[in-house]
1. In segment 100-128, what count of residues is obtained for those that are part of a strand (DSSP E or B) and either more than 25 Å from P80 (Cα to Cα) or not hydrophobic (A, V, I, L, M, F, W, C) (or both)?
2. What residue, of D72, D85, is in a loop (DSSP other than H, G, I, E, B) and either at pLDDT 95 or above or not aliphatic (A, V, I, L, M) (or both)?
3. Name the one entry in L106, L130 that is at pLDDT 95 or above, of a type in the set (A, V, I, L, M) and out of contact with any Gly (no Cβ under 6 Å at 6 or more places or on another chain).
Amino acid sequence: MRLEVQRISVRDLLVAGFAFVVLVLSLSTAKAQSGRRSTNSPATAPSVSGTKTIEKKPAAKPQLMLLVGIEDRNAFSSIPYYLSDTVLDNCVRHLGEATDVNPKSLGRGVARSDAIARAKAEKDLYVVWLQLGSDLEDSGKQSKKGPDELYVRYTIFEPVTGKVKQAGRTQKQIYRVGRGGVSAPTSSKNNPLYSEYALKQAAQEAAERVLEAFDLVLRSGRW
């Protein structure tokens, strides 16, 4: 049998070798790119199932609106007129020291019927009605205008209905420290200066009683 050997030219060999080299390089490049993609691919965040709960901020507490007025003293009373202003001013000022309280003065000369009518005409405002009195004059005795006899009465009328929310009275005494640390009434207690000081304290205590009726405190933490 005769075997025929086909001659392969040098050109064909070169072409075949070049094609093989290109194929090898293409495979290497593809593998490298595949490795980079798998290395740099971002991690997928796990999904969170369920509804997120959003905390709601508590609503701001509305301010307590107060209208404060004081009754005019009895025309036959010996109590000075200016003491009514002293009581009213100190009560309103002390109420304003509490958090979320907005007091306004109605002035003096406010009768009980006027205070009730004003409260009924309001939707949200409470009316605080003050009175300045004397224990001695109430008993028919002559007033000495001393701190031991003067008192402050307060009444809180509710809006719309005009009903009494709370009422009470406050009274302060002035003392001095005697020998041995024993407290005794001061010998100058009938002095008008001491009477005015005692009324300021009584007016402030009345304001604190009013705040207590609404479960409120002063900024200092006291009632």
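The values are calculated or read from the model by the stated rules, or taken from the named source; none is laboratory data. Note that the coordinates shown come from a computational prediction; the quantities given were computed from them, not determined experimentally. All Cβ positions, even for glycine, are placed from backbone atoms using ideal geometry, and neighbour counts span all protein chains on display.
1. Just the residues of segment 100-128 that are part of a strand (DSSP E or B), to begin with: 101-108, 126-128.
This time we only want the ones that are either more than 25 Å from P80 (Cα to Cα) or not hydrophobic (A, V, I, L, M, F, W, C) (or both), so: 101-105, 107-108, 126.
Residues in segment 100-128 being part of a strand (DSSP E or B) and either more than 25 Å from P80 (Cα to Cα) or not hydrophobic (A, V, I, L, M, F, W, C) (or both): 8 in total.
2. Checking each option against the conditions leaves just D72.
3. On the way: L106 fails: out of contact with any Gly (no Cβ under 6 Å at 6 or more places or on another chain).
Checking each option against the conditions leaves just L130.
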